[in-house]
1. Hey, which lysines would be in cross-link range of residue 247, C-alpha to C-alpha under 18 Å, not counting anything within fewer than 8 residues on its own chain?
2. In segment 284-306, whose amide N lies under 20 Å from the spot 7 Å out along Cα-to-Cβ of residue 731? List them in ranges.
3. Using only Cα atoms, find the angle between the long axis of helix 268-279 and the longest principal axis of the chain, and express it within 0 to 90 degrees, rounded to the nearest 10.
4. What is the gain in length, in nm to one decimal, between residue 355 and residue 118 on full extension, counting 0.36 nm per residue of separation less the C-alpha to C-alpha distance?
5. Semi-axes of the equivalent ellipsoid for segment 409-469, please: Cα gyration tensor eigenvalues, times 5, square-rooted, ordered largest first, whole Å.
6. Would you mind calculating the gained length between residue 336 and residue 372 on full extension (0.36 nm times residue separation, minus the Cα-Cα distance), in nm to one decimal?
7. Return one whole number: the accessible area per residue of segment 169-292 in Å², for a 1.4 Å probe.
8. Taking 10 °C and 1.306 mPa s as the conditions, I'd like the Stokes-Einstein D for the chain in µm²/s, using the Kirkwood hydrodynamic radius from alpha carbon pairs.
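The values are calculated or read from the model by the stated rules, or taken from the named source; none is laboratory data. Remember, predicted model here, so these are calculated numbers, not experimental data. For neighbour counting, all protein chains shown are included, and Cβ atoms are generated from backbone atoms with ideal geometry for every residue, glycine included. Only protein heavy atoms, including side chains, enter the accessible area calculation; ligands, DNA and RNA are left aside. Shrake-Rupley method; radii C 1.70, N 1.55, O 1.52, S 1.80 Å.
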Amino acid sequence: MPDNKINCIGVMTSGGDAPGMNAAVRAVVKAALYNGIEVYAFYQGYQGMVSGGDMIRKMSWDSVGGILHKGGTKIGTARCKEFRDRSGRLEAAKNLIERKIDNLVVIGGDGSLTGANLFREEWPLLLEELLTTGQINGEQAEMHPKLNIIGLVGSIDNDLSGTDMTIGADTALRRIAEALDAISSTAASHQRTFVVEVMGRNCGYLALMSALSSGADYVLIPERPPQVDDWVQQLCDKITANKKAGKSKSLIIIAEGAKDKNGNPIRSFEVVEELKKRIGEDARLTILGHVQRGGAPTAFDRYASTVLGYAAVKSLIESEQDEESKIIGLQKNRVKAISLVESIKATQSIVKHIENKEFDKAIQLRGGSFRESLDTFKTLSRAKPKHGDVDGESLNILVMNAGTLAPGMNIAVRTAVRLGMDKGHKVFGVRNAFKGLIRGDIEEMGWMDVEDWTSLGGSELGTNRKRPVSRDFYEIAKNLEKHKINALLIIGGMVGYEAASDFLKKRNEFPAFDIPIVCLPATINNNLPGTDFSVGADTALNSIIDAVDKIKESAVATKRVFVVEVMGRYCGYLAMLSGLATGAERVYLHENGITLQDLQNDVNMFKKAFIDGKRMGLVVKSEYANRIYTTPFISALYEEDGGDIFDVRQSILGHLQQGGNPSPFDRAMATKLAANSIDFLIKKVINGKNDVVSIGLHGGHMDYRNLEDLEKMVDVTFDRPKEQWWLKLEEIINLFGRSSA
Ligand code: ADP
């Protein structure tokens, strides 16, 4: 057991509930127990802390079993009036001291975190009062001179400055996307306009991201009101233009806190009435309400909360004397500790700016990625391209998919087509990836051709794993020349990257290859260099966890180990992340290898756990983890060795992992990457440059890698990057997979 300076931690969820809170509590409890630290949960948030008694319960390894995949929060949450008063906080302090708790992990929104910090600041005075009134003794006061606070942000609104994502926001977006996909299909059948209100009192994140990822036509958010006075007329004109352009439906998304430029609230039912009055449009209103909070957390909310909860305990263990309260959040896909006070201050200043109608300042503080999304949305939602002046000549841009299917490919193509056309260029599409490029299956794309491609899984252009060889290059060069192609965007997997790198090498032979090329990462395997994520992987992860949730439910009455095989080829990303998100005890990856000894140890670990009362086990295996120790082999070995103690079922998930509508994260990423790729390509052609690059995302930050260096970045034998950021997560799986601390 590791050494540490702290003995006891309290954990609670407070304020509005958010999916993923359970995962965070589980991680805090397990990480603490593993480190030899006692953990208490405060039931119903601050209410439990103030009331004490049975509402403060000591947690064991088993008390957080079976909650990872559940929505809501098992330890309850509440709004607590008493804690807002000093007398309530005095009671709370007494309850903490009695249990020797002076370290807290508070999971909640900015209200809960503000309360926690106030509590920390008052702590010495509260103790003094408890001492002078004889409620605690001198020794107790001396033992707990300060209170340490770590905050984890649980809020579906994603409204806290300093962390890129809050716990619950990804799930809320998924719920909204599911609803919007369903509404879109009925709206299109009836040629209807739908007005949908989503949550977000002070933050337009959910509204903006769901508008971007649903192909909506108009979005109203608190931070950026419509710039014109009569915006209702603007909206009416848009719907009329949509109809003229042949659009089958119109979709308007309104954040609950949306305002006009004079600061007056925009009410969704009034918008519907106005549409009827002004243009006779029989628009339908849907207020999504609490469905946005409900349901099982997404893969991201499960693994991010797990990683954050683990980091929270680590941070408490490592914290120095008199350190200020911190929030553990995510910045650019990395766990970061930030000042709680600063973060709350920044968050509240955005709210103030909105109240004071200083909208430019509010939007500025939301950050570059938010602003960029807003601009991209404006262009994509036009009924037809703007025919502005083109900077120089009109270019011919070619867009294609390559490699195996990845959900999100269509929205990337849609974005490229519309943004390219909007800038005055022609965009051509290739049918069936490199096979089509060799055959000359190339067509100019139109604005409305891609209208309904936002939510579609699969690849409308067509894709396959063909990589060009020998004479193929000649045919491809001929076709590029025929269509006078100035720039190429390849949306796909490693096959696309390798082909782009081949084109670069063959420029002397084929001048048609002397054009800028961007490879946009799209593969469920997430095995591409120069990016943390690839389009499609998040959707696949969600498909996996949905399937595993069902598989686990099938084992109610038996003692059973499931061996689940997931895709990924030689890359263990899907296995590792889904293992983390489903609470697997073990993951088997090609990167780390499997030995017979490992398997033997793992069977023994399971045997002991089942004898001690465990009911179910889960092992996630990457498809090519080992040539000999296949899924049937491992299952048979477990079954044989497990004897009467447990039985084993294997499940090879297969192609369901490539299917389905893309997740909001994949849609947003595909949009962002495609928008930047098109800008990049146009700029390069105009400046006479012919770079061949991949575009990548590191958290919210985008950059490009020169594909001359492809071999340096990739392990060519196994088609995966030499460096993979997520490999270190196995430490958490192995730790949390133990059957006890
Ligand atoms: P959220 O944490 O989701 O923003 P609230 O703002 O409702 O939700 O806060 C949840 C609880 O946190 C409150 O009911 C109260 O107990 C406590 N709290 C919030 N703000 C403060 C404050 N300024 N001082 C003390 N306690 C607070």
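1. Counting by Cα, and skipping residues close in sequence, residue 247 has these lysines nearby: 238, 378, 384, 386.
2. 303-306
3. Helix 268-279 sits at roughly 20 degrees to that axis.
4. Additional length available on full extension: 82.9 nm.
5. After diagonalising the Cα gyration tensor, the semi-axes are 21, 15, 8 Å.
6. Length gained between residue 336 and residue 372: 10.6 nm.
7. Values: 4880 Å² over 124 residues.
Heavy-atom SASA per residue in segment 169-292 reads 39 Å².
8. Result for D is 58 µm²/s.
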